[in-house]
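Data first, discussion second: the structure below is written as structure tokens.
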Amino acid sequence: MDVAVRTVNLRKTYLSRGSRRVAVTGLSMTVPLGGVHGFLGPNGSGKTTTIRMLLGLVRPDSGTAEVFGERVPARLPHVIDRVGAIVESPKFFPRFTARQNLGLLAGAIGTPRHRIDEVLEATHLADRGHDRYAGFSLGMKQRLAIAATLLKDPDLLIFDEPTNGLDPAGIREVRDTMRSLGAQGKTVLVSSHILAEVEQVADTVSIIGHGTLLAEGRVGDILGGSGVAQVRVGVASPDRAAQVLEADGFPVTRDGGQLVVGTDDPSAVTRALAGHGLYVAELVPVRADLESAFLALTAEEGLGSDADRVAGHVQGGAA
Amino acid sequence: MSETLLSPDSRPRADVRPHGTSIAGLVGVELRRLWWRRLTKVAVVAVVLFIGATVYNAYNESSPERIARQLDDYRAMQQEAPRMLEQCRAAQAQERETSGDSSVDLGCEQQQPPTLQDMGLVLPDADTITVGIAKAGALLLAFVALLLGASFVGAEFASGSMGTWLTFAPRRLRVAGTKLAAIAVGAAALAVLALTLANLGARMVSVVNRPGSDLQLPTPPAPDEPLTLLGLRVVALVVGAGLGGAALGLLLRHTAGIIGVVLGYAVVVEGFAMNSLLQGRLQQWSALKNIQAFVEKRATYYAEDCTASRCDFREHTLSYTHGWVFLLCAVLLAVAIGVLSFRRRDVS
């Protein structure tokens with residue numbers, strides 16, 4: 001497999017006011033070349049620190065990181081022109097205009113000047129190029145940050161929580177942009193604590209918690225391996241139906257007047273109930289999603305409180 | 001239709017891809033940023049206003065009206081001189097008679113009427129005026145450059161733009177070097193601007209206020225060195241202050257923090273400790289005294305000297321060499337610590 005990013009046993013500890021906080025604990029992960037790779041984890045799980053280490057902003061205590069096969073940060077200058085990144089919120093000089101900010105960055109890497117017009121056009125900021133960055137809305141700031149990454153025409157784009165604070169239209173724009181970049185063959189590494197957001201665009205994911213890798217692979221494989229397939233059943237006599245299903249070995253939980261049955265075979269449920277003269281009024285397969293997979297994984301690792309926080313954000317993010 | 005932030009780009013990649021920037025190119029980018037900053041423009045305006053004010057002051061000092069007033073005073077004192085000498089001699093004679101001591105001397109013979117130069121009545125000379133402005137303004141220019149340097153780097157950390165910058169230019173030593181080079185060039189330009197304006201203003205004053213041929217005023221003593229040398233020292237001082245400010249920016253990462261440290265140093269160390277501790281002997285390590293020694297080629301201070309039997313406050317001299325060596329070491333140390341700190345520490 002061709003690899004865009006690889007980390008091996010990456011570890012970072014922050015010292016603050018005499019206390020030590022381990023942000024990343026021996027993280028080993030792989031981001032394949034091309035497509036969108038989701039980098040998932042609750043707030044404080046080490047995503048941003050990992051990204052900062054990949055970009056040479058933060059020095060790891062131990063372990064190694066590679067971008068396009070080059071060790072970083074030592075060999076970062078050799079690949080930096082192929083990497084575009086937005087770390088946390090966009091950060092530019094607030095009193096300078098969008099065009100001035102991009103002009104400085106373009107000058108730093110020797111990008112042709114016409115590229116500034118092109119990326120402003122591409123991010124729908126052409127008519128705001130002479131406006132100060134400080135006056136931009138959050139969505140426009142995010143678009144300017146994307147414009148900055150595009151100055152390089154990078155092969156790897158790193159977006160850290162790219163939809164934070166955006167309105168639904170902005171979220172959709174950014175999501176479509178990531179999908180489009182991935183479809184062009186570029187590698188997009190997107191970190192997020194909003195699982196639903198990543199699930200919609202990512203081909204592969206790495207899930208971390210407390211600075212360590214919990215799972216990694218194609219989204220389908222992660223969902224398939226999570227063992228969370230369920231069927232929601234509506235039936236006239238839920239108590240009786242629950243007894244029948246439990247007797248047949250199905251795990252059953254009550255959800256109001258409905259039953260949630262743990263199985264990936266809905267027909268087995270209808271057969272079991274019909275055999276006892278119970279007929280289903282509603283049968284809805286509950287699709288396994290990344291949130292469920294994440295909750296299952298974090299529960300296994302004893303990260304319950306983190307997982308709850310993420311679940312809360314999922315609801316907030318999906319609303 | 002779903003909107004993306006990307007438009008299909010049909011350009012060849014070679015047309016789009018960055019082709020790298022030399023160190024000189026990076027310095028150019030930093031200089032552009034320095035010029036675009038509001039504080040830079042404020043500093044330029046402040047320096048122009050300061051030089052304007054000092055030139056105006058020099059014009060007033062040598063204006064025909066003032067010279068006329070001083071001449072009146074001079075003539076009055078010349079007329080008064082014989083009478084005062086007589087009064088002094090009379091007082092001396094009375095004192096000798098009263099005391100019976102014929103050696104009593106009230107110094108009457110040393111009393112001379114003031115000369116034109118004693119009264120400040122000299123021809124307005126461009127070089128002399130420029131030297132005065134340069135010496136008076138050197139410290140202010142240095143402080144402005146220090147503030148510019150500190151803010152130039154500190155604001156980049158405070159806004160978070162340093163992180164963005166490093167994702168484009170990740171070589172930290174190179175980044176620090178180009179920022180320091182840019183502030184050095186900017187500070188030098190500011191100092192050259194100030195000195196040029198001061199010299200032009202001084203020449204204007206010397207021409208405008210040149211008295212008519214009917215009035216013969218003495219020429220002031222010529223400066224003891226070419227004006228260019230003093231100018232170069234002022235430029236070097238301002239460049240050093242700019243570098244020191246930028247180095248503090250790399251170290252402390254916050255403009256307000258740097259200003260706090262500088263003001264704290266000025267009050268606690270320069271204002272209190274240097275004078276109060278060790279009977280003034282610390283003053284040889286005072287930044288202000290060494291700046292004075294560097295710019296004016298010597299500086300003096302009073303400190304207590306003790307022998308086996310007694311202690312006296314005596315005047316000590318700081319040499320020009322002491323001044324420049326001290327300042328050079330201070331700037332180099334600040335730059336080395338700032339750059340090493342920037343190279344090692346994480347950037348948020």
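Brief remarks follow.
- Long pairs among A:LYS91/B:LYS179; A:LYS141/B:LYS179; B:LYS41/B:LYS179; B:LYS179/B:LYS297; A:LYS47/B:LYS179, criterion Cα-Cα beyond 28 Å: B:LYS179/B:LYS297; A:LYS47/B:LYS179
- Averaged over peptide B:156-164, the number of partner chain Cβ atoms lying within 10 Å of each residue's Cβ comes to 6.
- Evaluated at q = 0.12, 0.21, 0.27 Å⁻¹: base-10 log I(q)/I(0), Debye formula over Cα of the range B:172-239: -0.51, -0.95, -1.15
- Size descriptors for the range A:137-265 (Cα atoms only): Rg and Dmax, in that order, 20.6, 64 Å.
- The range B:18-69: GluC sites (Glu not before Pro) in DSSP coil with no more than 14 other Cβ atoms inside 10 Å: none
- Difference of contour (0.36 nm per residue) and Cα-Cα distance, B:ALA222 to B:VAL208: 3.0 nm
- Label-point gap, in nm, between A:ASN9 and B:GLU315 - each point 7 angstrom along Cα→Cβ: 7.1 nm
- Residue-by-residue Karplus 3J(HN,Hα) for the range B:81-95, coefficients 6.51, -1.76, 1.60, Hz, glycine and proline x: 3, x, 5, 5, 5, 4, 4, 5, 5, 5, 5, 5, 5, 5, 5
- Principal axis box of the range A:47-199, alpha-carbon based, largest edge first, Å: 45, 38, 29
- The C-alpha atoms of chain B occupy a region whose extents along the principal axes are 115, 62, 34 Å, arranged from largest to smallest.
- In the range A:1-51, trypsin sites (Lys or Arg not before Pro) in a DSSP loop with at most 12 other beta-carbon atoms within 10 Å: A:ARG17
- The helix-based estimate of mean residue ellipticity at 222 nm for chain A, built from -39,500 (n - 2.57) per DSSP H run of four or more residues and divided by its residue count, is -11000 deg cm²/dmol to the nearest 500.
- Exposure proxy for A:SER180, A:SER267, A:SER28: other Cβ atoms within 10 Å of each Cβ, ordered fewest to most, give A:SER267, A:SER28, A:SER180.
- Positive minus negative residues near A:ALA4 (Lys, Arg vs Asp, Glu; Cβ under 10 Å): 0
- Dimensions of the range B:63-122 along the principal axes, based on C-alpha atoms and rounded to the nearest Å, stand at 52, 16, 11, largest first.
- Relative contact order %, chain B, counting alpha carbon pairs below 8 Å whose residues are six or more apart: 21 percent
- For chain B, adding -39500 (n - 2.57) for each run of n ≥ 4 DSSP H residues and dividing by the number of residues yields -22500 deg cm²/dmol at 222 nm.
- Rg and Dmax of chain A, based on Cα coordinates, read 23.2, 76 Å.
- Projected over all directions and averaged, the alpha-carbon convex hull of the range A:230-286 occupies 3.1 nm².
- Here is the list for the range A:110-206: trypsin sites (Lys or Arg not before Pro) lying in DSSP coil, each with at most 16 other C-beta atoms within 10 angstrom of its C-beta, are A:ARG113.
- Pair-distance profile P(r), taking every C-alpha pair of the protein assembly as shown, with 20 angstrom steps and integer %: 15, 33, 25, 15, 8, 3, 1, 0
- In this structure, B:GLN79 and B:GLU109 have a Cβ-Cβ separation that, at R0 = 22 Å, corresponds to a calculated FRET efficiency of about 0.65.
- Whole-Hz couplings from phi, Karplus 6.51/-1.76/1.60, listed for the range B:222-230; x for Gly and Pro: 5, x, 7, 7, x, 4, 4, 5, 4
- Dipole moment magnitude, nearest 20 debye, the protein assembly as shown about Cα centre, only Lys, Arg, Asp, Glu C-beta charged: 1000 debye
- Across the range B:185-284, counting alpha-carbon atoms alone, Rg and Dmax equal 20.3, 63 Å.
- Using only Cα coordinates, the Kirkwood hydrodynamic radius of the range A:20-107 works out to 15.0 Å.
- Local charge for A:GLY63 was computed over the other residues whose Cβ lies under 15 Å away, with Lys and Arg +1 and Asp and Glu -1, and equals +4.
- Formal net charge of residues neighbouring B:SER319 (Cβ-Cβ distance under 10 Å; K, R +1; D, E -1): +2
- When each of A:SER192, B:SER206, B:SER319 is scored by the number of other beta-carbon atoms lying within 10 Å, the sequence from fewest to most is B:SER319, B:SER206, A:SER192.
Read-outs: derived from the displayed coordinates by stated rules, not from any lab. Since the structure is predicted, the reported quantities are computational estimates derived from the model, not experimental observations. Neighbour counts run over all protein chains shown; Cβ positions are idealised from the backbone, glycine included.
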